[in-house]
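Trainee: Take this structure, written in structure tokens, and hold onto it; I'll ask about it next.
The values are calculated or read from the model by the stated rules, or taken from the named source; none is laboratory data. Quick caveat, the model's predicted, so the values are computed rather than measured. Note: ideal-geometry Cβ built from the backbone for every residue, glycine included; neighbour counts use all protein chains shown. For the accessible areas, the whole protein counts, side chains as well, though only heavy atoms, and no ligand, DNA or RNA atoms are used. Shrake-Rupley method; radii C 1.70, N 1.55, O 1.52, S 1.80 Å.
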Amino acid sequence: MTILEFRQQCEKALDSCRKESQEVDSLDKLNAFKGRHLGKKSALTSFYQGMKDLSLEDRKVFGQVLSELKANITAIYEERLKEIDEKMLLEKMAKKKVDISLPGFDKATGTIHPYFKVVREIVDFFVGLGFVVADGPEVETDENNFERVNIPKDHPARDMQDSFVISDGWILRSHTSAVQSRVMKEMGGKEPVKIICPGKVYRRDNDATHSHQFGQIEGLVISKDATFANLLELLTKLLRHLFGEKRSVRFRPSFFPFTEPSIEADISCFECDGKGCSFCKNTGWIEILGAGMVHPNVLRLNGYDDKACQGFAFGLGIDRIAMLKYGIDDIKKLYLDDADFLAQFRKE
Ligand code: DAH
């Protein structure tokens, strides 16, 4: 066979391949087509088999023509494969309708808990004034919780904080005032002391505004010249920071075993602006916190010289402030982890 005749044969094979390829419209047909034109019984394979009878020189020339034929057939096959793949994908997509107008899934974002909003706001306020945040354990000794803050064994004030006893001499702390004695002990009688301590406390209480577990923030300042006037100014600033600059602040005499004199602070009702409403029980005022000058006994019991220094302390309820600020009617809502309730604070 001459090279010219071989070329013609190859062209014929390619022509029939092209023609047949137009009929190929499915994967099955394509597989059969591949067998016929690239498989063992194809013209292409028989051309390759014929190669071995040629001289080395002819093999080079014929081989080149044959390689071209193989490349052309393979290209036709691959083109059809691509077209059929696309066709099948489109058919599949047409069957499986996706409604792209449906809204997507909403990922619920978390929110800072109203309790911790209040903690952060108060801690920020005091840290800005140079206070240090102190810490203490929730399981506390009777000594730190009561004795060292001037509430001896038979003192009636213990009844007001009917506490959870863990074992002899150990309780769940009933107030953050327990941290006062820890800090003073750690300071070894040195001043100045300027701390606040946010934390959980526990009491046998249970109604809409009291629960067995709640949060307090304790404050303690000891120095040579910490005065009652300093305390009043500090608390007035704190309460206006928390409840708005327009609030009037009122101080009333009170009693706490660990302070002398002792006071309680009220703010003018932010619902009625002091006129009297159901929110403030028609008094025009809302009770917020307790405070006073550190009792000399407390200084002495904790290693301080009550003649050389003095101080003031205060304590406020975190839950109560959160309830007042956000209009929460039941203290339990603050620890029940109700997602719907908490979602309301997302935009705050
Ligand atoms: N420990 C008090 C309580 O739980 C709150 C308190 C009042 C703390 C007056 C103080 C204070 O430091 O001076 O009711």
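Trainee: What residue, among those in region 249-271 that are in a loop (DSSP other than H, G, I, E, B) and more than 36 Å from the chain's Cα centre (by Cα), is nearest to the ligand (Cβ to nearest atom)?
Mentor: Ranking the qualifying residues of region 249-271, first place goes to F258.
Trainee: Evaluate the following for T141: is it touching a residue at least 12 places away in the same chain (Cβ under 8 Å) and either open to solvent by less than 60 Å² (accessible area, probe 1.4 Å) or more than 15 Å from the ligand (Cβ to nearest atom) (or both)?
Mentor: So T141 fits the description; yes.
Trainee: Being of a type in the set (A, V, I, L, M, F, W, C) and at pLDDT below 95 is the filter; apply it to region 272-289 and report the residue that is nearest to the ligand (Cβ to nearest atom).
Mentor: In this case the residue turns out to be I288.
Trainee: Right, next: Across region 148-162, what is the number of residues that are of a type outside the set (A, V, I, L, M) and touching a His at 6+ places or on another chain (Cβ under 9 Å)?
Mentor: The qualifying residues number 2.
Trainee: Every residue in region 170-213 that is within 10 Å of the ligand (Cβ to nearest atom) and open to solvent by 30 Å² or more (accessible area, probe 1.4 Å), please.
Mentor: Scanning region 170-213 gives a single hit, R203.
Trainee: For residues in region 297-344 being assigned to a strand (DSSP E or B) and small (G, A, S), which is farthest from the ligand (Cβ to nearest atom)?
Mentor: For region 297-344, the residue satisfying everything is G311.
Trainee: Now a separate question. Condition (residue is modelled with pLDDT under 90 and not β-branched (V, I, T)) applied to region 121-141: is it met by at least one residue?
Mentor: No; the residues of region 121-141 include none that is modelled with pLDDT under 90 and not β-branched (V, I, T).
Trainee: So which residues in region 1-51 are of a type outside the set (G, A, S), free of Cβ contacts under 8 Å to residues at least 24 places away in the same chain and not in a helix (DSSP H, G or I)?
Mentor: Result: M1, T2, Q22, E23, K40, K41.
Trainee: Name the one entry in D15, D58 that is modelled with pLDDT of 90 or more, of a type in the set (D, E, K, R), open to solvent by 40 Å² or more (accessible area, probe 1.4 Å) and within 30 Å of M88 (Cβ to Cβ).
Mentor: D15
Trainee: Hey, could you check region 21-45 for residues that are under 17 Å from N72 (Cβ atoms) and either at pLDDT below 90 or of a type outside the set (A, V, I, L, M, F, W, C) (or both) and say which is surrounded by the fewest Cβ atoms within 10 Å (Cβ to Cβ)?
Mentor: Looking at residues that are under 17 Å from N72 (Cβ atoms) and either at pLDDT below 90 or of a type outside the set (A, V, I, L, M, F, W, C) (or both), I get Q22.
Trainee: Let me ask you something else. Pairs please, first residue from region 146-158 and within 14 Å of the ligand (Cβ to nearest atom), second anywhere and aromatic (F, W, Y) and open to solvent by 60 Å² or more (accessible area, probe 1.4 Å), Cβ atoms under 9 Å, 6+ apart in sequence or on different chains.
Mentor: Note: pairs meeting the criteria are A157/F255.
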